[in-house]
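The values are calculated or read from the model by the stated rules, or taken from the named source; none is laboratory data. What you see is a predicted model; the values in this text were computed from it and never measured. Cβ coordinates were reconstructed from backbone atoms using ideal geometry, including for glycine residues, and neighbour counts include every protein chain displayed.
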Amino acid sequence: MTEPLYYTDAMMQTCSARITALTDVSGSSAICLDRTCFYPEGGGQPGDRGTIADCVVVDTIKGRDGSILHKLKEPPPHDLGVGSPVDCVLDWRHRYEYMQQHTGQHVLSGALYRVAAADTVSVHQGTEVVTIEIGLATITDSLLRDVEEEANRVIREDLAVRAFLIQDHELSRYVLRRPTTRSGSIRLVEITGYDLVACGGVHLPRTGLINLVKAVGIETIRGQLRLAFKIGDRALLDYHEKHRAITESSDLFSCRPGQVPDRIRSAQEEIRQLHRTVRLRAERLAEHLIPEELGRDAPDSLMLEEEDEDLFKALTERAAMDPDRRVLLLNRKSDSLQWALVVGTGHPFPQQELRERVLSPVGAKGGGKPPLWRGIIPVSRVGQAESIEKFVSAFRSVWEEDRIRR
Ligand SMILES: [Zn+2]
């Protein structure tokens, strides 16, 4: 068996060991050692990464027989064999980060239990946040704030975190925050004088090393609350990012950070009003831009250049008001051609032919119903001239043939 040095001293970053086996795990080479500071994945914590004799370890897992397997990125060199002495070096950033998350979660679960009488139902340690699902359907903002304050108080008090083994028959002597179903030898983790649970993970030795916790989200899952937290250096980084964003925003609005939401609301309202004004002006302008006789005696087309959406929409709607019109409106944009087909209710409409002979050949996308169809042709400026010519002449010839038939 491998001696689990990570349990003796979770802050151990390097150790020396001897190889006890070279093996294979799902297609990757793996090394077993007589002792290791690499924690194998378990209890929601990821496996450790680092190097063993300069070979890159990508993960550490527990084998079915309980052995600790250090998975290597590449097969080990030939001079490494059973009995070889090796130096092991942890990816300390990775390990420290998840110990901070995990130990922070112990403190938060303890605070939720004490302050909000909330049991921890499940925990997920994600790459962005740690989520804790609790046995409550609701929690007030002020109560969650109290929980957060309590957890930060426990961090400031820098309480010792210790782990020790007991036998299952001794369980009755301990008051655990969360009952355990484990049997035999049980590992208990205590935040001194504050919290006690059964846990097989690795923890920071003192709560002060957690630094900081911050609640950042609440959602309801299966009738229970799932709380999201930023813990440790992640919380500080989150603060840096939010501080930068809010400072930039308040500079843009020339206001204090606390006034930013009000300024955004005012700006949104102003934009709504401006849109309304632009729409009304476009409607007035459209009355003048659509000639009285356009498309009344024969099918006609109207070409526009880079017109904005509001005016194009107003023009098509204006044209569609006359039941005697047949008009194709086109608006050239840099990367597409906007089209609208107005067919007044005063004319019969060869819909199938228009679709097959006018719209499909130029790849027109869109739809509608009488008297107005509209959409785009996704074509660059370079290819537009040809498409426009094809579009307009097909439109006219379909109508001409239809007229002759009648
Ligand atoms: Zn733990």
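Here is the figure for the range 119-131: residues that are exposed (fewer than 13 other Cβ atoms within 10 Å of the Cβ) and in a strand (DSSP E or B) total 1. Filtering the range 224-243 for residues that are over 24 Å from Ala151 (Cα atoms), of a type outside the set (Asp, Glu) and out of contact with any Leu (no Cβ under 6 Å at 6 or more places or on another chain) leaves an empty set.
So how many residues does the range 89-118 have that are more than 16 Å from the ligand (Cβ to nearest atom) and either in a helix (DSSP H, G or I) or closer than 28 Å to Leu143 by Cβ (or both)?
Restricting attention to the range 89-118, the residues satisfying the condition of being more than 16 Å from the ligand (Cβ to nearest atom) are 89-94, 114-118.
Right, trim to either in a helix (DSSP H, G or I) or closer than 28 Å to Leu143 by Cβ (or both) and you get 92-94, 114-118.
Here the count works out to 8.
Taking strands (runs of 3 or more DSSP E) as the structural unit, those lying wholly within the range 132-234 and holding at least 2 residues that are within 16 Å of the ligand (Cβ to nearest atom) and of a type outside the set (D, E, K, R) correspond to 161-167, 185-191, 195-198, 224-231. Condition check for Ser334 on (1) hydroxyl-bearing (Ser, Thr, Tyr); (2) more than 16 Å from Asp300 (Cβ to Cβ); (3) out of contact with any Lys or Arg (no Cβ under 8 Å at 6 or more places or on another chain): one failure, at (3). Quick one: in the range 35-61, which of the residues that are in a strand (DSSP E or B) and within 16 Å of the ligand (Cβ to nearest atom) is surrounded by the fewest Cβ atoms within 10 Å (Cβ to Cβ)? Looking at the filtered set, the residue picked out is Gly42. Only one entry in Asp310, Asp335 is surrounded by fewer than 12 Cβ atoms within 10 Å (Cβ to Cβ) and closer than 29 Å to Gly383 by Cβ, namely Asp335.
Quick one: would you say Met303 is out of contact with any helix residue (DSSP H, G or I) (no Cβ under 6 Å at 6 or more places or on another chain) and in contact (Cβ under 8 Å) with a residue 60 or more places away in the chain?
On the way: out of contact with any helix residue (DSSP H, G or I) (no Cβ under 6 Å at 6 or more places or on another chain): yes; in contact (Cβ under 8 Å) with a residue 60 or more places away in the chain: yes.
Spelling it out, Met303 is indeed out of contact with any helix residue (DSSP H, G or I) (no Cβ under 6 Å at 6 or more places or on another chain) and in contact (Cβ under 8 Å) with a residue 60 or more places away in the chain.
Among the residues of the range 325-340, those identified as of a type outside the set (Gly, Ala, Ser) and touching a Ser or Thr at 6+ places or on another chain (Cβ under 9 Å) are Val327, Leu328, Leu329, Leu330, Asp335, Leu337.
How many residues are in contact with a Gly (Cβ under 9 Å, 6 or more places away or on another chain) and either of a type outside the set (A, V, I, L, M) or modelled with pLDDT under 95 (or both) when one looks only at the range 71-97?
As a first pass, look at the range 71-97 and keep what is in contact with a Gly (Cβ under 9 Å, 6 or more places away or on another chain): 71, 88-92, 94-97.
Keeping just the survivors that are either of a type outside the set (A, V, I, L, M) or modelled with pLDDT under 95 (or both) gives 71, 88, 91-92, 94-97.
Of the residues in the range 71-97, 8 are in contact with a Gly (Cβ under 9 Å, 6 or more places away or on another chain) and either of a type outside the set (A, V, I, L, M) or modelled with pLDDT under 95 (or both).
So which residues in the range 318-329 are closer than 22 Å to Gln351 by Cβ and crowded, with 18+ Cβ neighbours inside 10 Å, if there are any at all? Of everything in the range 318-329, those that are closer than 22 Å to Gln351 by Cβ and crowded, with 18+ Cβ neighbours inside 10 Å turn out to be Ala319, Ala320, Asp322, Arg325, Arg326, Val327, Leu328, Leu329.
Residue count for the range 361-384 under the criterion of being outside any loop (DSSP other than H, G, I, E, B) and touching a helix residue (DSSP H, G or I) at 6+ places or on another chain (Cβ under 9 Å): the result is 9.
Checked against the criterion of being modelled with pLDDT of 85 or more and not acidic (Asp, Glu), the candidates Ala314, Ala385, Ala364 yield just one match: Ala314. If you go through the range 30-51 one residue at a time, do you hit one that is of a type in the set (S, T, N, Q) and assigned by TED's automatic domain parsing to the domain that holds Lys230? No, there is no match, as no residue in the range 30-51 is of a type in the set (S, T, N, Q) and assigned by TED's automatic domain parsing to the domain that holds Lys230.
For the range 335-369, taking the residues that are touching a residue at least 12 places away in the same chain (Cβ under 8 Å) and acidic (Asp, Glu), the one that is nearest to Lys390 (Cα to Cα) is identified as Glu353. Number of residues in the range 308-360 that are in a helix (DSSP H, G or I) and in contact with a strand residue (DSSP E or B) (Cβ under 7 Å, 6 or more places away or on another chain): the value is 5.
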